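The structure under discussion appears below in the form of structure tokens.
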Amino acid sequence: MSAALRALGLGLLGVGVLSNLNTLWGWIIGPAGEPTPVRHDETPSVLSWLLLGVPAALAASFAVLGLVRLGRRRQGERRSAREAADAAQARRHAIESDHDEVTDAYGAYLCDVLAVLDRPTLDDVTVPQTAALLHALDAADDARRGVDLDTYRQAVSTLKTAWRTADEHARKTGTGHLSAPDRAAVTKARRLFEKALDGRGSEHERQAAHAKARALLGDVLTLPRQAVAAVEHQARPAISKGAAV
């Protein structure tokens with residue numbers, strides 16, 4: 001039992017004793033003939049006031065002290081709970097930041113057709129490093145929806161390692177795994193995509209370059225849909241301001 005509860009208990013005990021003082025006094029002295037009539041008109045003596053007042057004051061003090069200590073303990077428990085919740089939230093934000101850093105980097109790669117042509121194995125699910133990256137992405141997304149921060153932290157740590165490994169492998173490999181004719185096709189397609197993305201050319205030239213690049217790649221490489229959409233968005237004709245919606 002805590003000190004606060006002990007103090008509260010002592011105070012309540014003291015109040016109980018005072019409220020039954022006459023009864024307790026009768027038990028102590030026992031029967032002694034006829035009881036002496038109580039003279040209500042007598043002025044209480046100083047000793048009587050001391051016998052009643054001092055214990056009452058002590059009892060009240062113990063009760064107040066117990067309540068104060070109990071209140072402080074409850075307040076401390078609430079403060080500790082808030083601090084723990086704030087710490088957990090800050091930890092989650094840090095983990096989410098690391099998670100977002102990887103997903104943003106991979107998303108930027110998927111939307112950049114030139115990056116895809118430079119590092120095609122990073123989008124090839126038959127490559128073990130890329131397969132491990134995609135698995136780590138799914139695991140981190142699942143852990144993010146959960147409540148276990150340790151599981152989430154471990155999943156994001158695994159994801160960061162998988163991203164670094166897959167990206168380094170893709171940069172090192174480049175298009176070296178392709179045959180000579182396929183590498184030549186990728187090189188030419190890259191130049192055409194650069195033209196399609198160059199805002200200095202006309203809309204017709206950009207669309208033609210985009211179409212030739214897609215035809216050149218054929219079955220050599222399958223571009224991510226995000227990259228295709230990004231190029232098409234930039235190469236397609238602009239809608240005139242006066243056109244009806």
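The values are calculated or read from the model by the stated rules, or taken from the named source; none is laboratory data. None of these values were measured; they are calculated from a predicted model. With ideal geometry, Cβ positions are generated from the backbone for all residues, glycine too; neighbour counts draw on all protein chains shown. Just so you know, the surface numbers come from the protein's heavy atoms only, side chains and all, with ligands and any DNA or RNA stripped out. Shrake-Rupley method; radii C 1.70, N 1.55, O 1.52, S 1.80 Å.
Each of the peptides 106-119, 171-184, 201-214 was scored by the mean count of other Cβ atoms within 10 Å over its residues; in descending order, highest first, they stand as 106-119, 201-214, 171-184.
Gain on full extension, evaluated as 0.36 nm per residue between GLU77 and SER202 minus their Cα-Cα distance, stands at 38.1 nm. Taking amide hydrogens as placed 1.01 Å from N in the peptide plane, the amide H of ASP124 sits under 5 Å from that of no residue at least 5 positions away in sequence or on another chain. For the stretch 125-137, putting each phi into the Karplus relation 6.51 cos²θ - 1.76 cosθ + 1.60 with θ = phi - 60° gives couplings of 6, 7, 7, x, 5, 5, 4, 5, 5, 5, 5, 5, 4 Hz, in residue order, rounded to whole numbers and with x for Gly and Pro. Put a dot 7 Å past the Cα of VAL147, heading toward its Cβ, do the same for ASP98, and the two dots end up 2.3 nm apart.
Bridgeable aspartates and glutamates around LYS195 (alpha carbons under 18 Å apart, same-chain partners fewer than 8 residues away excluded): ASP112, ASP118, GLU203, GLU205, GLU232.
With all protein chains kept in place, the per residue accessible area of the stretch 113-219 amounts to 56 square angstrom at a probe of 1.4 angstrom.
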